[in-house]
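Where a number appears in this text, it was derived from the coordinates with a stated rule and is not lab data. Quick caveat, the model's predicted, so the values are computed rather than measured. Please note: Cβ atoms are built from the backbone with ideal geometry, for glycine as well, and neighbour counts cover all protein chains shown.
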Amino acid sequence: MTKIAVLGASGQIAKLAEDLFLKDKDNELVLFLRHPNKLDQNKIDKNREKVVVGDASKLDKLLPAIKDVDIVYANLAGGNIEDQAKTVVKAMDEAGVKRLIWISSLGVYDEVPGKFGEWNKNTLGSYLTTYRAAADQITASDLDYTVIRPAWLTNKNEVDYEITRGAHTPFKGTEVSRLSVASYINDLVEDPSKDVRENVGLNKPNTDGDKPAWY
Ligand SMILES: NC(=O)c1ccc[n+]([C@@H]2O[C@H](COP(=O)([O-])OP(=O)(O)OC[C@H]3O[C@@H](n4cnc5c(N)ncnc54)[C@H](OP(=O)(O)O)[C@@H]3O)[C@@H](O)[C@H]2O)c1
C-alpha cells in the first residue's frame, strides 16, 4: 500500500493525477486543500481517500495531514509559494517523510533559451522569482525530491512528453499537456526511486517556437 498526500488537491494537474493514482487499488490518498467544495464529493472513495482542509503554509494543519504518508505530491501555486515550500519541508522533516514531488515552472533557472526564453521571462515576470525561491527551499532540503518544471500547460487529451534533466540544461519546446505531467507524476509514484533529487523539465516534443502556439 502506498499512501500519497496531494497538496492543492483540487488543482488541475492534481485532479488528473488523482485519477491515475486511484487506478492502482493499493494506493490511498490524502487530499489536502483549502476549498473542499472544489472537489467532486460524489467521486470520493471514502475507503481510500481522506479529505483534509488546510492551507499548505500552515504547519499545524499540514503536519498531522502528512504524518503517515509515503509520498507528498505538492501541486501548489500563489504569491506565497516560498512560504508553502518552507512549511512543506518542515512538515516532512518533522513527520519523517522523505519523498516529495514538487511542481514548479519552466524558466525559474533562466534555462529557457532563445526568443522563447526572453518572451517567457517578460511574460511571467516576478512569478519566476517567486517560484525560484520556492524551488530553492526544496533543493536545499535533504528530502528525496523531484522538482518538475512543465512547459506552458494545455488541456489536450494526450500523453506526449520528453524530459530534460538538470536545472540548468537548456529547456526544450514551449508546451506540454497537464495529462502528460500527471502521467509522469504517476510514474514517480509507481517507482519512487525514479528521478530522486532530480530537477526535470517536461515538454511536448517538436513544439519549439518563439511563443506557445496559441499566442
Ligand atoms: N499555466 C501554465 O502554463 C504553467 C506552466 C508551468 C507551471 N505552472 C504551474 O504548475 C502548477 C500546477 O498547475 P495547475 O494547472 O494544476 O494549477 P492550479 O489548477 O492553479 O492548482 C494549484 C492549486 O494550488 C492550490 N493552492 C494555492 N495556494 C494554496 C495553499 N496555501 N494551500 C493549499 N492549496 C493551495 C490552489 O487551490 P485553491 O486556490 O482552491 O486553494 C490550486 O488548486 C501551478 O503552480 C502553476 O503555476 C503553470
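Quick notes on this one:
- Looking across region 119-148 at every residue that is surrounded by 15 or more Cβ atoms within 10 Å (Cβ to Cβ), over 14 Å from the mean Cα position of the chain (by Cα) and of a type in the set (Gly, Ala, Ser), the one that is farthest from MET92 (Cα to Cα) is identified as ALA133.
- Count of residues meeting criterion [away from the ligand (no atom under 11 Å from the Cβ), in contact with a helix residue (DSSP H, G or I) (Cβ under 6 Å, 6 or more places away or on another chain) and within 17 Å of ASN199 (Cβ to Cβ)] in region 148-182: 1
- From the options LEU76, LEU63, residue that is more than 14 Å from ILE103 (Cα to Cα) and either in contact with a Cys (Cβ under 8 Å, 6 or more places away or on another chain) or surrounded by 15 or more Cβ atoms within 10 Å (Cβ to Cβ) (or both): LEU63
- Among residues of region 58-72 that are within 15 Å of MET1 (Cα to Cα), those with a beta-carbon under 7 Å from a residue that is surrounded by 15 or more Cβ atoms within 10 Å (Cβ to Cβ) and among the small types (Gly, Ala, Ser) at least six positions away or on a different chain give the pairs VAL69/ALA5; VAL72/ALA5.
- Unique match (being closer than 14 Å to ILE103 by Cβ, out of contact with any Asp or Glu (no Cβ under 7 Å at 6 or more places or on another chain) and part of a loop (DSSP other than H, G, I, E, B)) among ASP195, ASP160, ASP142: ASP195
- Residue within region 45-60 that is near the ligand (Cβ under 9 Å from one of its atoms), in contact with a Gly (Cβ under 9 Å, 6 or more places away or on another chain), not polar (S, T, N, Q) and not in a loop (DSSP other than H, G, I, E, B) present: no
- Out of VAL181, VAL200, sole residue that is under 23 Å from TYR73 (Cβ atoms) and in contact (Cβ under 8 Å) with a residue 60 or more places away in the chain: VAL181
- If you check LEU20, LEU33, LEU29 for being under 19 Å from ASP70 (Cα atoms), near the ligand (Cβ under 8 Å from one of its atoms) and in contact (Cβ under 8 Å) with a residue 12 or more places away in the chain, only one passes: LEU33.
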